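Participant: Here you go, one structure.
What follows draws every value from the coordinates through simple rules; no lab data is involved. Computed from a predicted model, the values in this text were never measured in an experiment. A quick note on method: Cβ atoms are made from the backbone with ideal geometry, for glycine too, and the neighbour counts reach across all protein chains shown.
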Amino acid sequence: MSTVAATSRTSAPTQSGPIRVMVVDDSVVIRGLIARWIEAEPDMAVAASMRTGRDAVNNIERCDPDVVVLDIEMPDLDGISALPLLLAKKRDLVIIMASTLTRRNAEISFKALSLGASDYVPKPESTRELNAADTFKRDLLFKIRNLGARLRRSVVAAPPLAPVAPPPGPVRAAPPRPAASDAPVALRPFGMIAPRALLIGSSTGGPQALLTLVAEIGPVIDRVPVLITQHMPPTFTTILAEHLARASGRPAHEGVDGEIVEPGRIYLAPGGLHMRVVRKGAGAAIALDDGPQVNFCKPAVDPLFSSAIDVWQAGLLALVLTGMGADGMRGGKAIVEAGGSVIAQDEATSVVWGMPGAAAHAGICGAVLPLNQIGPKVVRMFSGARA
C-alpha cells in the first residue's frame, strides 16, 4: 500500500496540539525511519506517510499536515513538481525538502527554496548509513519543530517592528511568522569607525535573503571584502557561492585555507568547516578548521564574527539575517564591544526570526530592518553615514 494516513488525530491543527507531519519518500525504509522518529516526539505526530508526490498532492487536504518532509527523487511525480501543487492547495504549508548530497540535488533544492519550500535537510546517501544517521535525525526534528511551531504561534497576530513592504527580488513570500516577543528591542548607536569589512551570518531562509542582498550592495563589495557564513552542508555551499557570484556580478567562492582576503570578493564558509580570518602581514587571510560544532552548527557564524575583530578591530559591520537559533549573537556582541556595528533582519521579512531576534533582543543592534532596507543602509554606512 503506497499511502498511510493517520486518522486518529484531529485534522485541524491547533495551537496546543502536536505538529502534524506528512512524510513523502519512495523508500519504505526512510519513510518508516522518519515516522518512528516523529512518533517518538511528544509534540509531533505522523499525519500521513506517502510513496510519491502524486499521493501527497491527492491527499494533502484530507490529511491536513502542518509540515511535509518531501523527497526530491520519486516515481510518478517528483518532489520539485509536487511542491507548487502542494502549496497551491495549502498556502501556509511548511515544506522541508530532503535530498542526498549530490550536486544535482543541491541545485534542485535551491530551486525548491525559490518556489516556496521552507528549508532542506540532507539525507544519508544509502540505507546502509541509516543506523548512523544521528545528524540527519537531529537536523530534521529540529527543523520540523521550529518551522512547524510557527503555524501555532501565528494564531496570535503581532505587528512587526516597523511597517514594511514585501522585499523585492527573488525572496519568496514566507509562511506565517512567530508572534513577536513582548520584550522591547533596544537599539544602540552605530560605531564611530567607518567599516572596512562586511560580515554576514544566516541560516534558514538565508540563501534567498543573501541573493537579494548581494545584488544591492555592489558598490560595497567593490571596496571591501564580504565574508559570509550560511548554515549549509558541503556541495550546497559550492552551489550557493556560484549563485552569489551571478547575483552580485562579483567573484564569489568558498573560502580556501590560507588565501589572502581581498576587497571586491565574496568569501563563503565551506559546508562542514568553520571559517575564520587571521592576520597575515598587513592584511588578512582565511583560516578553516574542522573543529567541534559551535551552536550545534559547522560552519557557525560566531567564529567568523569573533575572529574578524583581531584583524579589523572597530572597522566591522556585521549583518545577522534570517535563521533558527542564536548563532551570531555572541560574535555580534564582541564586535559591538570592540566598537563595530550590527544590523539584524526584522521579524516580518525573516523566514525564522531566531538568529536576528536573538541579536535584536540582546541590545547589540544599531538597526533592525526589513530585508529590502538592509542593502541601501549598508551602502550608506560604507559611504560614511553613521546613523
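Participant: Please turn the phi angles of the range 55-63 into ³J(HN,Hα) values with the Karplus equation 6.51 cos²θ - 1.76 cosθ + 1.60 (θ = phi - 60°), one per residue in order, whole Hz, x for glycine and proline.
Facilitator: Each residue of the range 55-63 in turn: 4, 5, 4, 6, 10, 4, 6, 5, 7 Hz.
Participant: At a Förster radius of 35 Å, what calculated FRET efficiency corresponds to the Cβ-Cβ distance of Lys90 and Thr238, to the nearest 0.05?
Facilitator: Here the calculated transfer efficiency is 0.60.
Participant: Right, another one. Return one number: the angle in degrees, 0 to 90 and rounded to the nearest 10, between the long axis of the Cα atoms of helix 236-248 and the longest principal axis of the Cα atoms of the chain.
Facilitator: Between helix and principal axis, roughly 60 degrees.
Participant: Can you give the FRET efficiency to the nearest 0.05 for Val28 and Arg145, using r as the Cβ-Cβ distance and R₀ = 35 Å?
Facilitator: Calculated value: 0.90.
Participant: Going by Cα centres, the range 184-247 and the range 133-148 are how many Å apart?
Facilitator: Using only Cα atoms, the two centres lie 25 Å from each other.
Participant: Over the chain, how many pairs of lysines fall under 17 Å by alpha carbon, counting only those 8 or more apart in sequence or from different chains?
Facilitator: 5
Participant: To continue, here is another question. Which of the listed residues, Gly271, Met329, Ile286, is farthest toward the dipole's positive end in the chain, when Lys, Arg count +1 and Asp, Glu count -1 at the beta-carbon?
Facilitator: Value computed over the given set: Met329.
Participant: I would also like to ask the following. Can you give the charge dipole size of the range 197-382 about its Cα centre, rounded to the nearest 20 debye, using +1 on the beta carbon of Lys and Arg and -1 on the beta carbon of Asp and Glu?
Facilitator: Roughly 300 debye for the range 197-382.
Participant: Please arrange Asp43, Asp346, Asp290 by counting, for each residue, the other beta carbons lying within 10 Å of its beta carbon, fewest first.
Facilitator: Going from least to most buried by this count: Asp290, Asp43, Asp346.
Participant: Assuming 0.36 nm per residue, please report the length gained on full extension of the stretch Lys111 to Lys280 beyond their Cα-Cα distance.
Facilitator: Taking 0.36 nm per residue and subtracting the Cα distance, the gain is 57.0 nm.
Participant: As an exercise, find the ratio Rg/Rh for the chain from alpha-carbon atoms, using the Kirkwood inverse-distance average for Rh.
Facilitator: 0.98
Participant: Now, a different point. Once both axes come from the Cα atoms, what is the angle between helix 134-153 and the longest principal axis of the chain, in degrees from 0 to 90, rounded to 10?
Facilitator: Once rounded, one gets 90 degrees.
Participant: Could you compute the FRET efficiency for Ile260 and Arg104, with r as their C-beta to C-beta distance and R0 at 30 Å, rounded to 0.05? Before the final figure, lay out each step's value.
Facilitator: Numbers: r = 33 Å, r/R0 = 1.10.
E between Ile260 and Arg104, to the nearest 0.05, is 0.35.
Participant: Rounded to the nearest 500, what is the 222 nm mean residue ellipticity of the chain from helices alone, with -39500 (n - 2.57) per DSSP H run of 4+ residues and division by all residues?
Facilitator: -10500 deg cm²/dmol
Participant: Residues in the range 366-386 near a label at Arg188, defined as backbone nitrogen under 18 Å from the 7 Å Cα→Cβ point?
Facilitator: The answer is 366-369, 386.
Participant: With θ set to phi - 60° and the Karplus curve 6.51 cos²θ - 1.76 cosθ + 1.60, what are the ³J(HN,Hα) couplings of the range 327-333 in order, to the nearest whole Hz, using x for Gly and Pro?
Facilitator: 4, x, 5, 5, x, x, 4
Participant: Also: Treating only the Cβ atoms of Lys and Arg (+1) and Asp and Glu (-1) as charged, compute the dipole magnitude of the chain about its Cα centre; round to the nearest 20 debye.
Facilitator: 680
Participant: Below 11 angstrom from the Cβ of Cys365, what's the summed charge of the other residues (Lys, Arg +1; Asp, Glu -1)? List each step's numbers first, then the result.
Facilitator: On the way: positive: Arg188, Lys333; negative: Asp346.
For residues surrounding Cys365, the net value is +1.
Participant: Would you mind calculating the relative contact order of the range 205-252 from Cα pairs under 8 angstrom and at least 6 residues apart, reporting the percent as a whole number?
Facilitator: Once normalised by length, the contact order is 55 percent.
Participant: Now for a different question. Kirkwood hydrodynamic radius (Cα pairs, Å) of the range 197-382?
Facilitator: Kirkwood radius, the range 197-382: 15.6 Å.
Participant: Next question. Quick check: residue separation of Asp76 and Arg223 times 0.36 nm, minus the Cα distance between them. What number comes out in nm?
Facilitator: Numbers: separation 147, 0.36 × 147 = 52.92 nm, distance 5.03 nm.
Between Asp76 and Arg223, full extension yields an extra 47.9 nm.
Participant: Would you mind calculating the relative contact order of the chain from Cα pairs under 8 angstrom and at least 6 residues apart, reporting the percent as a whole number?
Facilitator: Relative contact order comes out at 14 percent.
Participant: For the charge dipole of the range 176-255, defined by +1 on Lys and Arg C-beta atoms and -1 on Asp and Glu C-beta atoms about the Cα centroid, which residue among Pro195, Ile239, Ile217 has the Cα displaced farthest towards the positive pole?
Facilitator: Of Pro195, Ile239, Ile217, it is Pro195.
Participant: Per residue, how much space in cubic angstrom lies within the convex hull of the C-alpha atoms of the range 316-387? Kindly include the intermediate steps, with their values, before the conclusion.
Facilitator: Details: hull volume 5.0 nm³, N = 72.
Output value, Cα hull per residue: 70 Å³.
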